[in-house]
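These notes are about the structure you will find just below.
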Amino acid sequence: MEKMTVNYENKPCYDVIIDDSLASFPKELIREGSRICIVTDDNVANACLDEVKKEIFRDALVFCIKPGEESKNLDTVKDIYAFLVKNDFSRTDMLVALGGGVVGDITGFVAATFKRGISFIQIPTSLLAMVDSSVGGKTGVDFDSYKNMIGAFYMPKHVYINVSFLKKLPDREFFNGFAEAMKSALIRDGIYYSWMIDKMYEICEKDPETLIHLINGSVSIKKTVVEQDPKEESLRMILNFGHTVGHAIEKYKGFELKHGECVALGCVCAAFISWKRDYLTMEEYYEIRDMFVPFNLPISTEMLDIDEVMNIMQNDKKVIDGKLRFILLKKIGKAVIENDVTEDEIRASLNEINFDEAW
């Protein structure tokens with residue numbers, strides 16, 4: 001078991017526990033007499049809801065959403081509000097996000113806004129949510145196909161990560177999350193990156209001890225970053241490595257590709273620009289690119305309309321005063337925030353990942 005405390009405004013805010021069972025869940029978090037609503041999706045409910053209710057939240061109510069990004073909108077939020085009102089939830093009650101990043105983001109946003117804020121616990125069930133989105137207090141929903149346009153910074157009461165859930169994930173969902181772990185290593189910890197290369201087989205085999213170490217490494221990096229910059233005013237921007245291009249491709253593809261798959265493509269683009277600026281060597285660039293392959297993550301995609309992808313990027317939250325904020329690598333393990341990446345550089349990186357059978 002691994003345990004760490006995340007600070008907010010220089011004070012202890014919430015604990016993160018990483019284990020391979022539910023036995024170590026701190027049941028003292030459940031206030032006597034408070035009501036609990038578990039928000040989950042249909043897939044997660046079928047896989048592990050009964051186990052979680054039996055072991056921890058026996059009397060909890062449950063609200064299920066449809067799986068996938070298409071549920072991450074204000075209509076879903078409105079439906080959860082109506083459910084909580086119908087069941088007389090008050091500010092002393094609690095929500096539990098049981099699921100992946102979509103469930104966590106929606107539940108956190110509802111918790112932040114329902115009756116001006118109620119407590120919530122994150123119990124992530126996907127690797128992506130475990131290594132990234134469950135920690136840091138970012139909540140939100142998509143709006144008009146633009147990702148995370150409406151949201152709030154709102155800290156959970158606790159994050160409980162049970163790696164045994166990962167055994168139930170389809171391989172595509174599992175590897176989807178690895179992209180965020182890889183991102184963490186690339187921006188902050190070259191030793192962790194080398195460890196991933198050495199432990200490639202054990203990660204793919206979902207060895208519990210290896211997974212605890214993998215998740216602990218990524219969460220430790222995110223904890224360090226968000227403690228210094230909880231509301232993404234400076235340093236926290238480095239966590240968006242791979243996301244500037246990744247979000248644009250995700251929208252362009254109509255969410256056919258998963259978030260982590262798009263982040264992998266975005267990381268390749270950002271590493272490519274870093275190489276062309278002589279921040280990385282050619283060998284480092286190709287190693288980064290090729291490291292995604294054993295984890296079934298794409299390093300190219302078919303028939304991108306580069307003009308349209310560029311247009312989508314111009315509507316991203318990262319555009320400040322008409323300039324696109326871009327995260328590059330000065331070296332493996334050290335990210336930098338750049339505001340002078342040119343359109344030509346971005347187009348060249350998109351051409352690098354654009355696969356056309358006619359070529």
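The values are calculated or read from the model by the stated rules, or taken from the named source; none is laboratory data. A quick note: this is a predicted structure, and the numbers were derived from the prediction, not measured. Please note: Cβ atoms are built from the backbone with ideal geometry, for glycine as well, and neighbour counts cover all protein chains shown.
Numbers at a glance
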quantity: Residue, farthest from Lys168 (Cα to Cα), within segment 78-102, restricted to residues that are among the hydrophobic types (A, V, I, L, M, F, W, C) and either in contact with a His (Cβ under 7 Å, 6 or more places away or on another chain) or part of a helix (DSSP H, G or I) (or both); calculated: Val85
quantity: Residue among Asp105, Asp75 that is in the same structural domain as Asp15 (by TED's automatic domain parsing), in a helix (DSSP H, G or I), of a type in the set (D, E, K, R) and under 24 Å from Leu22 (Cβ atoms); calculated: Asp105
quantity: Condition met for Thr113 (among the β-branched types (Val, Ile, Thr), in contact with a Leu (Cβ under 6 Å, 6 or more places away or on another chain), closer than 28 Å to Val225 by Cα and at pLDDT 95 or above); calculated: no
quantity: Candidates Lys251, Lys223, filtered to the one that is in a helix (DSSP H, G or I), in contact (Cβ under 8 Å) with a residue 24 or more places away in the chain, touching a Ser or Thr at 6+ places or on another chain (Cβ under 6 Å) and over 17 Å from Ile337 (Cα atoms); calculated: Lys251
quantity: Checklist (1) assigned by TED's automatic domain parsing to the domain that holds Glu69; (2) within 17 Å of Phe295 (Cβ to Cβ) applied to Gly177, failing item; calculated: (1)
quantity: Which listed residue, of Leu265, Leu257, is in contact (Cβ under 8 Å) with a residue 40 or more places away in the chain, under 26 Å from Lys206 (Cα atoms), assigned to a helix (DSSP H, G or I) and out of contact with any Lys or Arg (no Cβ under 6 Å at 6 or more places or on another chain); calculated: Leu265
quantity: Enumeration of residues in segment 52-95 that are at positive phi and out of contact with any strand residue (DSSP E or B) (no Cβ under 9 Å at 6 or more places or on another chain); calculated: Asp88
quantity: Filter pass, Lys86 being farther than 13 Å from Ile65 by Cα and not small (Gly, Ala, Ser); calculated: yes
quantity: Residue in segment 3-25 that is in contact with a Pro (Cβ under 7 Å, 6 or more places away or on another chain) and among the β-branched types (Val, Ile, Thr) present; calculated: yes
quantity: Considering residues of segment 106-134 that are hydrophobic (A, V, I, L, M, F, W, C) and out of contact with any helix residue (DSSP H, G or I) (no Cβ under 9 Å at 6 or more places or on another chain) only, the residue surrounded by the fewest Cβ atoms within 10 Å (Cβ to Cβ); calculated: Ala112
quantity: Of the criteria (1) charged (D, E, K, R); (2) surrounded by fewer than 23 Cβ atoms within 10 Å (Cβ to Cβ); (3) not assigned by TED's automatic domain parsing to the domain that holds Met130, which one Lys183 fails; calculated: (2)
quantity: Close pairs from segment 17-34: first surrounded by fewer than 10 Cβ atoms within 10 Å (Cβ to Cβ), partner in a loop (DSSP other than H, G, I, E, B), Cβ under 9 Å, at least 6 apart; calculated: Lys27/Ile56; Gly33/Thr92
